[in-house]
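Everything on this sheet refers to the single structure shown next.
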Ligand SMILES: Cc1cc2nc3c(=O)[nH]c(=O)nc-3n(C[C@H](O)[C@H](O)[C@H](O)COP(=O)(O)O)c2cc1C
């Protein structure tokens, strides 16, 4: 065995989506965010497109991003459907978090690689982010409210026509218990063909 697989397995299985409401006020420092993103960019990528793009907001900029998200929400969702609860959550998050990362995808001018493969590469990058956070004892969470797929969101983030916003990645030091989860057993999701 070349690496310590039991430790790698533990990180993979302990990785959880930890929601911002359970983060403490402890700041996630830039060096750690850079480690998380430097691991993200070592994800597999068909054709070496490296389609991941990150828009990182820290410090006072987080609140500004929250205000922009509120504007996007209000432009995209019909007024009759506005949820006071969701808007309040958005505000609370942007006032308490030390970092927000918008996860974006760009084909970077390439027209040969199918979009699904660039999207998949970015998802692999996000898994690297999740795992790096887990190793640091940081909670993290990939959020994808419907409005992130809108033109208004692309406009806010300055994305091109073939680019996508794939989500918001939250990070923070968790307070309280690390969440538990479960998975369907391997037998349920696997078909073996041996003869
Ligand atoms: C592409 C993607 C988008 C997600 N978006 C949301 C979301 O908008 N809201 C949410 O509560 N969880 C979201 N999640 C997190 C899942 O809810 C979470 O991964 C799932 O409940 C399993 O929990 P675990 O990550 O702790 O194992 C998303 C996960 C992925 C992979």
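The values are calculated or read from the model by the stated rules, or taken from the named source; none is laboratory data. Values in this document were obtained by computation on a predicted structure and should not be read as measured data. Note that we place each Cβ from the backbone using ideal geometry, even for glycine, and neighbour counts take in every protein chain shown.
Check whether at least one residue in the range 17-39 is in a strand (DSSP E or B), at pLDDT 95 or above and surrounded by fewer than 17 Cβ atoms within 10 Å (Cβ to Cβ), and report yes or no.
First, the residues of the range 17-39 that are in a strand (DSSP E or B): 17, 23.
Those still in the list that are at pLDDT 95 or above too: 17, 23.
Applying the additional criterion that residues be surrounded by fewer than 17 Cβ atoms within 10 Å (Cβ to Cβ) yields 17.
Yes, the conditions are met somewhere in the range 17-39.
Looking at the structure I just gave you, is residue 89 modelled with pLDDT of 95 or more, under 21 Å from the mean Cα position of the chain (by Cα) and surrounded by fewer than 16 Cβ atoms within 10 Å (Cβ to Cβ)? First the steps, then the outcome.
Numbers: modelled with pLDDT of 95 or more: yes; under 21 Å from the mean Cα position of the chain (by Cα): yes; surrounded by fewer than 16 Cβ atoms within 10 Å (Cβ to Cβ): yes.
Judged against the criteria, residue 89 is a match.
Scanning the range 24-48 for residues that are under 16 Å from the mean Cα position of the chain (by Cα) and touching a residue at least 24 places away in the same chain (Cβ under 8 Å) returns 28, 32, 33, 35, 36, 37, 39, 40, 41, 42, 43. Only helices (runs of 4 or more DSSP H) whose full extent lies in the range 84-167 are considered here, and the ones with at least 2 residues that are under 25 Å from residue 45 (Cα atoms) and in contact with a strand residue (DSSP E or B) (Cβ under 9 Å, 6 or more places away or on another chain) are 115-136, 151-157.
In the range 166-185, the residues that are modelled with pLDDT under 95 reach residues that are surrounded by fewer than 20 Cβ atoms within 10 Å (Cβ to Cβ) with C-beta atoms within less than 7 angstrom, at least six apart or across chains, in these pairs: 176/22.
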